[in-house]
Amino acid sequence: MKKYLITGVTGSLGKAVLDGLLPKVSKDEIAVLVRNEEKASEFKNSGIDVRIGDYNNESTLIDAFQGIEKLYFVSSSDLSNRTEQHLNVVHAATKANVKQVVYTSFQRRNETASSPIAAVAQSHLDTEKALIESGLNYTILKHGLYMDLLPWFIGAQFMENKSIYLPAGEGRAAFILRDDLAALAVNVLTSIGHENKIYNAYAESAPTMCEIAVEVSGIVKQEIAYVSPFVDEFMTTLSQAGVPAEVAGMLAGFSSAIAAGEFSEVSADISSLLGRKPTSVSTFLEQVYQA
């Protein structure tokens, strides 16, 4: 029996979890899930058991999950098909008698259709419900907004424009670094007592974009303003700048969610589980913009 199966290993989060797990447990205890053989060579060459399975195909997942004790289940990036894909994973884990599923969900306050990110949220809500009702032992990690995406929110031209231009209003967001989320996952996977628990995997502080602009100003030694336009104006401006509509829409949606307070709640769960505070926004911004 393999103790751990890590999904999403060709992406940043799953790979970080795998990298964090390898020094702590025997390689023989770990398997990884990839969609096809073409993505398997890196892991096979390093001696890791590779299981082939596709979130779109439940039968492949049932085969891949055989003999697995703990499944680290990274949510799909395919928003159009995510609910069906996730239900395939839950059903397959049940049929394969997986002992525990650790699922990467997300932070939110509004679980109704009125949420600015309802389209993104619904699949997570459906998956959490399916896990809780499945009879499986589950651990749900409600991830905050990735701190790694802050440069995307701040924009590549902020120095030229001397401003951060984003319709996030005065909303706060408890940004969390992806590496801290990976460390949390490794802790949950390798310790006991996490069955049927939900952890708030976000930071202990939640700055506004105005406060972030002040931080950035201090780092780059220039005054960087924060400008919060109406969403329509924001979309028009980005369109005129040649930003793809899908990218602009995602930025607008998450910014509106910040403005609405979707990510403003703070939590000490990560500190409690890791025995240290997660990386602060100030530290991250210094690392990114100091040069």
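What follows draws every value from the coordinates through simple rules; no lab data is involved. Keep in mind the model is a prediction, meaning the values are calculated, not measured. Quick reminder, even Gly has a Cβ in these numbers, built from the backbone with ideal geometry, and neighbours come from all protein chains shown.
Key figures for this structure:
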{"item": "Gap separating the Cα centres of the range 91-151 and the range 29-55, nearest whole Å", "result": "24"}
{"item": "Rounded D (µm²/s) - the chain, Kirkwood Rh over Cα pairs, Stokes-Einstein at 37 °C, 0.692 mPa s", "result": "163"}
{"item": "Rounded to whole Hz, the Karplus (6.51, -1.76, 1.60) HN-Hα couplings of the range 80-88, x for glycine and proline", "result": "5, 10, 5, 4, 4, 4, 5, 5, 4"}
{"item": "Beta bridges by DSSP in the chain, antiparallel share as percent, to the nearest 5", "result": "5"}
{"item": "Of K27/K70; K3/K99; K3/K277, pairs whose Cα-Cα distance is over 18 Å", "result": "K3/K277"}
{"item": "Net dipole in debye of the range 2-143 [+1 Lys, Arg Cβ; -1 Asp, Glu Cβ; about Cα centre; nearest 20]", "result": "400"}
{"item": "Relative contact order of the range 137-284, pairs being alpha-carbon contacts under 8 Å that are 6 or more residues apart, as %", "result": "37"}
{"item": "Acute angle (nearest 10 degrees) that the helix 178-190 long axis makes with the longest principal axis of the chain, alpha-carbon atoms", "result": "20"}
{"item": "Principal semi-axes in Å for the range 106-236 [√(5λ), Cα gyration tensor, largest first]", "result": "34, 19, 10"}
{"item": "Share, in percent, of DSSP beta bridges within the range 2-143 that are antiparallel, nearest 5", "result": "5"}
{"item": "Angle between the chain longest axis and helix 245-259 axis [Cα atoms, degrees, rounded to 10]", "result": "80"}
{"item": "Cα-based Rg / Dmax (Å) for the range 2-143", "result": "14.9, 48"}
{"item": "Leading residue at positive end of dipole, the chain (Cβ point charges), from A16, A31, T60", "result": "A31"}
{"item": "Percentage relative contact order, the range 2-143, counting C-alpha pairs under 8 Å, at least six apart", "result": "21"}
{"item": "Cβ crowding within 10 Å averaged over residues, with 127-138, 249-260 ranked highest first", "result": "249-260, 127-138"}
{"item": "Only Lys, Arg (+1) and Asp, Glu (-1) charged, at Cβ; the chain dipole about Cα centre in debye", "result": "700"}
{"item": "Highest-MSF residue in the chain out of R108, R82, R276 [GNM, Cα springs under 10 Å]", "result": "R276"}
{"item": "Principal-axis tilt of helix 12-21 within the chain, Cα atoms, nearest 10 degrees", "result": "50"}
